[in-house]
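K.L.:
This is the structure I want to talk about, given as structure tokens.
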Amino acid sequence: MNYLTIEKLTKSFGEKLLFEDITFGIERGQKTALIAKNGTGKSSLLNIISGLDSPDSGKVTLRNGITISYLPQLETITENYSVMDVIFDSNSPIIKVVKEYEAALTLVKRNETSENLARFEHALSEMERLHAWDLESRVKEILSRFGIDDIFKNVSELSGGQRKKTALAKTLIADTDLLILDEPTNHLDIDMIEWLEEYLSTSNTTLLMVTHDRYFLDKVCNNIIELDNHKLYQYKGKYDYYLEKKAERIANESAELEKIKQLYHKELEWVRTSPSARTTKAKARINSFEDLKENANRKAEKQADAFHVRTERLGNKILEINNLDFSYPDKMILDDFSYIFKKGEKCGIVGKNGTGKSTLLKLLVGEILPNAGKIIPGQTIQFGYFAQDGLPVKGNKRVIDIVKEHAEVVRLENGNYVGASQFLNYFGFKYEQQYTYYEDLSGGEKRKLSLLITLLKNPNFLILDEPTNDFDIDTLNLLEDFLTHYQGCILVVSHDRWFMNKLVDHLFVFEGNGKVKDFYGNYTEYRIEKQKEESRRQKTESGRQKEEREKFLLLSEEKVADGGLPTADGRGEKKLTWKERKELDQLEIEIPTLEAEKDALLQKMNSGNGTPQELQKWGASYQNVSEEIDSKTMRWLELSEKK
């Protein structure tokens, strides 16, 4: 069943043509990724499909009755809304019922007045009537995963990352047929990205998505469309299939263009040597020549040649970290951390947001000082440090002038030299763009320029903090190839798992509370090992819970034998009263809610963002919630056995 049809769509901004006469469709259940270089119209196309913009020509057709939920790259949220108002901003009856239930449940927890209880009972009956429990469960899971624990908080109090998560939660919760997402993994840590990846790949949702996260794309999408040189190309397969078929397409286009050029030169000779002819046949041939001339002057896309630089020589001693301690007033970042780097080592850093990954990099380059321990660089070390906030630029200069202040040429692996301008062109700053003023660059272009200047300085130890943010996939592939052949040491923080898998030899895993685990292997190998550990932990926990249930049942049987409870044979089992049935139903709702609250508190305590007073408060709340879960679970077991 076709959900969406795009026919001969064209869009320009001023004199810049984004795409022309593109046509494609999306079927029900299809998960499609849209790939293109930065600035070629990906977000514009999504805005047109979502009705936020209009094309110059062409038509967008949605199947009758189809609803769309759209997450734009830059989400604007009304300031005076609460998080709950944003998340449940929908006319869907079932979403309205879940919103009312959440509000009523919160009020009852705060104050069990007769008015609040009556409101809750009504909401409960409406949830039953509309069979809304599956949606309510999904809401709880999404909010818990995104760390959204206070749905009554005002949006104006949220950080940029929290707003993005709120907007994403709203998009996922919406009861919709077609989901459109523009860079959904921005501002998410790896654990959250992996949850979203699993959620989307296992759901029946029809999806159209723009992302530069190739691992995420490969896991979720089975169909890829590419905008390239104003045209659209479709690939029915995963990311590796796309790479293979794109390479074939480029090779075929190059061969076809070569044939056109040969024919053009042949026709050019005819035009130059033949006398002016007025015959219809001669005029037709001249007209065909003009068309041929236009095609011959067209540039074929080609795969970029490898661009490998020679680094300064590294001595035997690279970098030593001895018994490093560092903490902020409210959290421990590093506790007795030691490591000795070796030649050519490529190390990745992973961990949840707020655990101190960027702090370690700042310590190594001397931006901040440790509380204890030593950092001892070798005499030949030349650091190249790329920070998340980019390169400070004084004055509004042209791109090429900024670059030449740092390096005029760069030495290649083969001993030759190339100019800074050629280096920029290789990574996507075309020659004409190099004369653009810095202030006229986009945020992503400024970050890319900062990274390229870091590489141009020819350091032998690269320290990179999220170097892949805001880059398109073509640039990421070029950067990966460059760094893979880089002869010096690399220490990199990144949420891009594809990038980490291709580049690093081992990982520093920031586990929180100052603990750093050194894992030898790439990110996928680390994730597999982590899943095995989690499986073992769950089996142990499951065994403990089973033992507790068996103890409870044994105690129940002893009470029956003592006459304390009726048996099941007619000296018989008592049935649940109406009040007990309602209590059991409520417990089945409250226990998952409390468990989500417990997880949220644990995430807060592990985030490292709280003050000592807040940590103390969260710890006390965590203990209280844990005890309440145990108490309600025992009561649930008792009522379940009676039932």
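The values are calculated or read from the model by the stated rules, or taken from the named source; none is laboratory data. What you are looking at is a predicted structure, and each value in this text was computed from that prediction instead of being measured. With ideal geometry, Cβ positions are generated from the backbone for all residues, glycine too; neighbour counts draw on all protein chains shown. Keep in mind that these areas ignore ligands, DNA and RNA; they rest on the heavy atoms of the full protein, side chains included. Shrake-Rupley method; radii C 1.70, N 1.55, O 1.52, S 1.80 Å.
Conditions tested, residue by residue: (1) open to solvent by 100 Å² or more (accessible area, probe 1.4 Å); (2) among the acidic types (Asp, Glu); (3) modelled with pLDDT of 80 or more.
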site: Asp481; (1), (2), (3): no, yes, yes
site: Gln487; (1), (2), (3): no, no, yes
site: Val493; (1), (2), (3): no, no, yes
site: Asp496; (1), (2), (3): no, yes, yes
site: Gly572; (1), (2), (3): no, no, no
site: Leu587; (1), (2), (3): no, no, yes
site: Glu590; (1), (2), (3): no, yes, yes
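K.L.:
In the range 168-213, what residues are aliphatic (A, V, I, L, M) and under 14 Å from the mean Cα position of the chain (by Cα)?
P.N.:
Result: Leu168, Ala169, Leu181, Leu188, Ile190, Met192, Ile193, Leu196, Leu200, Met209, Val210.
K.L.:
Are there any pairs with C-beta distances below 9 angstrom linking a residue in the range 242-253 that is open to solvent by less than 60 Å² (accessible area, probe 1.4 Å) to a residue that is modelled with pLDDT under 85 and hydrophobic (A, V, I, L, M, F, W, C), with the two at least 6 apart or on different chains, and if so which?
P.N.:
Ile250/Ala300; Glu253/Ala300
K.L.:
Can you confirm whether the range 391-406 contains a residue that is touching a Leu at 6+ places or on another chain (Cβ under 6 Å), open to solvent by less than 50 Å² (accessible area, probe 1.4 Å) and either closer than 25 Å to Leu360 by Cα or in a helix (DSSP H, G or I) (or both)?
P.N.:
no
K.L.:
Does Glu320 qualify as being modelled with pLDDT of 90 or more and part of a loop (DSSP other than H, G, I, E, B)?
P.N.:
Considered against the rule, which asks whether it is modelled with pLDDT of 90 or more and part of a loop (DSSP other than H, G, I, E, B), Glu320 comes out as no.
K.L.:
Continuing with this model, one more query. Return yes or no: is Tyr101 crowded, with 17+ Cβ neighbours inside 10 Å, in a strand (DSSP E or B) and at negative phi?
P.N.:
no
K.L.:
Collect the residues in the range 337-359 that are touching a residue at least 60 places away in the same chain (Cβ under 8 Å), among the small types (Gly, Ala, Ser) and under 20 Å from Asn323 (Cβ atoms), keeping them in residue-number order.
P.N.:
Gly356
K.L.:
For residues that are touching a residue at least 60 places away in the same chain (Cβ under 8 Å) and not in a loop (DSSP other than H, G, I, E, B), scanning just the range 484-495, find the one that is farthest from Asp389 (Cα to Cα).
P.N.:
Per the criteria, the residue is Cys489.
K.L.:
Please work out which residue is nearest to the chain's Cα centre (by Cα), limiting yourself to the range 45-70 and to residues that are buried (at least 18 other Cβ atoms within 10 Å of the Cβ) and of a type in the set (S, T, N, Q).
P.N.:
So the residue we want is Ser69.
K.L.:
Which one is modelled with the lowest pLDDT, of the residues in the range 359-388 that are in contact with a helix residue (DSSP H, G or I) (Cβ under 8 Å, 6 or more places away or on another chain) and either small (Gly, Ala, Ser) or not in a strand (DSSP E or B) (or both)?
P.N.:
By that ranking, first place goes to Gln388.
K.L.:
Please enumerate the residues belonging to the range 222-241 that are free of Cβ contacts under 8 Å to residues at least 24 places away in the same chain and either crowded, with 19+ Cβ neighbours inside 10 Å or more than 15 Å from Met209 (Cβ to Cβ) (or both).
P.N.:
Answer for the range 222-241, where residues must be free of Cβ contacts under 8 Å to residues at least 24 places away in the same chain and either crowded, with 19+ Cβ neighbours inside 10 Å or more than 15 Å from Met209 (Cβ to Cβ) (or both): Tyr233, Tyr235, Lys236, Gly237, Asp240, Tyr241.
This table checks each residue for (1) surrounded by 13 or more Cβ atoms within 10 Å (Cβ to Cβ); (2) assigned to a helix (DSSP H, G or I).
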site: Leu451; (1), (2): yes, yes
site: Asn458; (1), (2): yes, no
site: Phe471; (1), (2): yes, no
site: Asn477; (1), (2): yes, yes
site: Val516; (1), (2): yes, no
site: Glu534; (1), (2): no, yes
site: Glu541; (1), (2): no, yes
site: Glu547; (1), (2): no, yes
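K.L.:
Select from the range 148-164 the residues that are out of contact with any strand residue (DSSP E or B) (no Cβ under 8 Å at 6 or more places or on another chain) and open to solvent by less than 40 Å² (accessible area, probe 1.4 Å) and write down the one among them that is nearest to Gln603 (Cα to Cα).
P.N.:
Here the residue is Ile148.
K.L.:
Is the range 224-246 home to any residue that is closer than 30 Å to Ser137 by Cα, out of contact with any strand residue (DSSP E or B) (no Cβ under 8 Å at 6 or more places or on another chain) and at pLDDT 85 or above?
P.N.:
no
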